[in-house]
């Protein structure tokens, strides 16, 4: 341990002789050790002092090691706790590891075995911290800030990059919060127009009476409040890209004028008698299925075909669960930077909860949930209770999501399989037997 700060250990056992032996042996091996025989005193010290690792016996009077573990993790969720247990209590030790202990060692043991377990715990913690650090670096260095660990999103990015090399009208579809705006920006930034303006016009945020003037421009005096000439979005975008967001919200009477602009490459501002040539590339997006609007007669068929040249469908987050972990890391890093806070990361149990939730609000909802947790959490690792989302181990909640069309059958099935697996303490053979399937099928259903 030369050249590095000594690791601080807290050793707890109700037998003073065991404490003295462990303190002496571990001190000789380069650790800074504090020894105690009272669990309550140990908990007080843990609350006020920083220890790299707590080593505690399981069987103690007044407070068992399992109770102490729960109390420690409630105070400091990221605290490393290593349990010492009698050989006959292995099952109990395994369950406590599942509850948050980093490891356990059975009595009787050689001091070398304990030191190996300690080093293993520190090694795993370092790997965990390194993973968080590497993810932060790689995510923040990605220009388009788009996570694509899933095959579904990789296909989206491949199509988007091909679209960037062309100049065709592109239509991006997908649910609210899936990242359609980020894909539009990627297309612009990856294309020949990257040095030109990227003009974003959200059609859903405009009153129907202002859509025409905002999109095509207006001349002074065209109506009461038109006190000066104002260029519309097509002209303001110049030689760059016009991103018409929520294009499905454009009123039917404006749709005909938009079609005329796209077919002729010229726009006539409101109140003007002269056309203006436009050069901007158009990217449109909608979270409403235009095919349904066509069937209802609320969207022009000819405009639909004019927009639907290159189509990019951004999948919902529930269909790309592989992206949840890296997205959570990315959003955690962003939230920490905005709020001036520092977190080690998300606990394993909390991450499983994020992965099990169907995310009806998609990536935007995930970002908001994580930011709320960052603001309100008072510890350095986010735990499951920090996330304000329904618990997916509640069958009623799962079925409610399904009834709303927000949770596909495979997600419900996967969540149920995970729940059964947890009830069997992670024993896959027992879980498979309970479900009436073989282990291979269990693995497939867990992977999805």
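Restricting attention to region 401-437, the residues that are modelled with pLDDT under 60, touching a helix residue (DSSP H, G or I) at 6+ places or on another chain (Cβ under 9 Å) and not in a helix (DSSP H, G or I) add up to 3. Give the residues of region 1-41 that are over 17 Å from residue 118 (Cβ atoms) and out of contact with any helix residue (DSSP H, G or I) (no Cβ under 6 Å at 6 or more places or on another chain), sorted by residue number. Within region 1-41, 2, 3, 14, 15, 16, 17, 20, 38, 40, 41 meet the criteria.
Of the candidates 442, 398, the single residue that is over 30 Å from residue 79 (Cα atoms), modelled with pLDDT under 75, in a helix (DSSP H, G or I) and assigned by TED's automatic domain parsing to the domain that holds residue 331 is 398.
Here region 189-203 is the region considered, the condition is being closer than 16 Å to residue 168 by Cα and touching a residue at least 60 places away in the same chain (Cβ under 8 Å), and the residue that is surrounded by the most Cβ atoms within 10 Å (Cβ to Cβ) is 193.
Figure legend. Inter-residue proximity from region 204-217: first residues not assigned by TED's automatic domain parsing to the domain that holds residue 235 and part of a loop (DSSP other than H, G, I, E, B), second residues exposed (fewer than 12 other Cβ atoms within 10 Å of the Cβ) and modelled with pLDDT of 85 or more, beta-carbon distance below 7 Å, spacing 6+ or different chains. No pairs are indicated. Entry remark, region 365-386: residues being surrounded by fewer than 16 Cβ atoms within 10 Å (Cβ to Cβ) and in a helix (DSSP H, G or I) number 5 in total.
So that you can scan it fast, the table gives a plain yes or no per residue for (1) modelled with pLDDT of 95 or more; (2) touching a helix residue (DSSP H, G or I) at 6+ places or on another chain (Cβ under 9 Å); (3) more than 15 Å from residue 363 (Cβ to Cβ):
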site	(1), (2), (3)
141	no, no, yes
150	no, yes, no
154	no, no, yes
167	no, no, yes
170	yes, yes, yes
173	yes, yes, yes
176	no, yes, no
179	no, yes, no
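Taking region 1-67 and the strands (runs of 3 or more DSSP E) fully enclosed by it, the elements with 2 or more residues that are under 21 Å from residue 379 (Cβ atoms) are at 8-12, 53-57. Filtering region 44-53 to residues that are in contact with a helix residue (DSSP H, G or I) (Cβ under 8 Å, 6 or more places away or on another chain) and either surrounded by fewer than 12 Cβ atoms within 10 Å (Cβ to Cβ) or modelled with pLDDT under 90 (or both) leaves only 47.
The values are calculated or read from the model by the stated rules, or taken from the named source; none is laboratory data. Predicted model, so just to flag it, every value in this text is computed and none were measured. All Cβ positions, even for glycine, are placed from backbone atoms using ideal geometry, and neighbour counts span all protein chains on display.
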